[in-house]
Every structure is written in structure tokens, then in C-alpha cells.
Amino acid sequence: MTARVGNPFPFFLDRSGLPLDGGAVYVGTVGDDPEIDELTVYLDAAHTIEAPQPLQVIGGLLCTDGNPTQFFVNAANYSLRCRDADGAEVFYVPTAIVDATDYQPLDSDLSAIAALATTEYGRALLTVANAAAGRSYLGIVASLPLTGGTVTGNITRSAAGSHLYHTDAANVSGRVFVTASGASDPTSAVGDIWLELAP
């Protein structure tokens, strides 16, 4: 496995472009003033250890007791205000999240695929090799060909009524011919039926 090495801590600059030192960062509800409408900030991703606000900035890094620290909120987004050691505002942003959702909005189809992939059945379905394997896995029978082919059991055609059903297996055709009076016999197979219209 290969992992890229990078700085896991956000870096804050003052208004002169130097590392912010002695600064304060406030985290609040998205779109609101974070100094008034604060969010609870945590020291752990499990949201069990609360961190007091404002967050300390030392040497450009968010810190706890002088140590660079990662912080977490139990929210999809948040607002952020940064002040320098004199209390002057360095910046304020109403939406500060930097996450995959900024670049790949949630999609109902992708969410359904993700949910499906969490079940054994779904994972098996997602790994079938092709459409034929998928039909086999799902128990979907192949459709009848446009010409020829056989089926078993009774069939009702859409908007056309039932087909002829023979109790005698020797009657394999089941065609019905309706002709004008005097026409020649069109039947040629066992099971064919001929109806001749009266003159």
C-alpha cells in the first residue's frame, strides 16, 4: 500500500500573509455568525471530547495546550471566523467545509449503489461479469426469440386474448384460419383449425 505524505493540519495566515500567532478561530452553524451561533467542536472524530472555543492558533496551526490538533464537528458544513491576537477579523466564511461533497454532490443513484454495496447480495450483484451472468444470478429467463422458440404452460397475449391450448400433445400447431367462402383449405399441420365464412 502507498500513502501520500502531507500536512494533516490546516494552516492559518494573518492579514500580512505571515503565520497567525495568538489568533482565535470560531466554528459555527453554516451561514451564521460562528461567535453567536457556535457549533460544538470535538477533539476526536467520535465526538466524545469537546474542545472549548475559540480554538487557539499558534504559529499558524490550530492547537490545544500548545500542540497542533485536529478538530471535528458533528455537521455536514459550518461557518468559520478567524481573528488575530488583537481581535481584528482576518476572515469570515459562511461555509467553510472542504470535503468530497463540494466536488461530487450527493446523487440518489450513487447513494442507492452505495447502500446496495453494503449487503452481501448487493456486492454479489455488482460483481457479475456481464448481463447474461446478471440474468442468471437474478433468475431472469431469456426472452423468446423473434422467430421460433418454445414455451411451456399457458400464455395470454397482451390485448389479444389467450392462445389455443391443446390437451392432446399431438396437436402441436394450434393455428386458426378464417377464410372467405369457397377458399381452399389452408391447414397443413395437426391441430390447425379452419373457419370458412358463410356465403
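The values are calculated or read from the model by the stated rules, or taken from the named source; none is laboratory data. Remember, predicted model here, so these are calculated numbers, not experimental data. Every residue, glycine among them, receives a Cβ derived from its backbone with ideal geometry; neighbour counts consider all protein chains shown.
Tabulated results
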| read-out | value |
| --- | --- |
| Of all residues in the stretch 156-172 being at pLDDT below 65 and surrounded by 11 or more Cβ atoms within 10 Å (Cβ to Cβ), the one that is nearest to E196 (Cα to Cα) | H163 |
| Flag for V27 being at pLDDT 95 or above and not assigned by TED's automatic domain parsing to the domain that holds S111 | yes |
| Residue in the stretch 29-52 that is touching a Cys at 6+ places or on another chain (Cβ under 9 Å) and not acidic (D, E) present | no |
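Residue-wise test of (1) touching a helix residue (DSSP H, G or I) at 6+ places or on another chain (Cβ under 8 Å); (2) buried (at least 17 other Cβ atoms within 10 Å of the Cβ); (3) of a type outside the set (D, E, K, R); (4) modelled with pLDDT of 90 or more.
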position	(1), (2), (3), (4)
E38	no, yes, no, yes
L55	no, yes, yes, yes
V93	no, no, yes, yes
G122	yes, no, yes, no
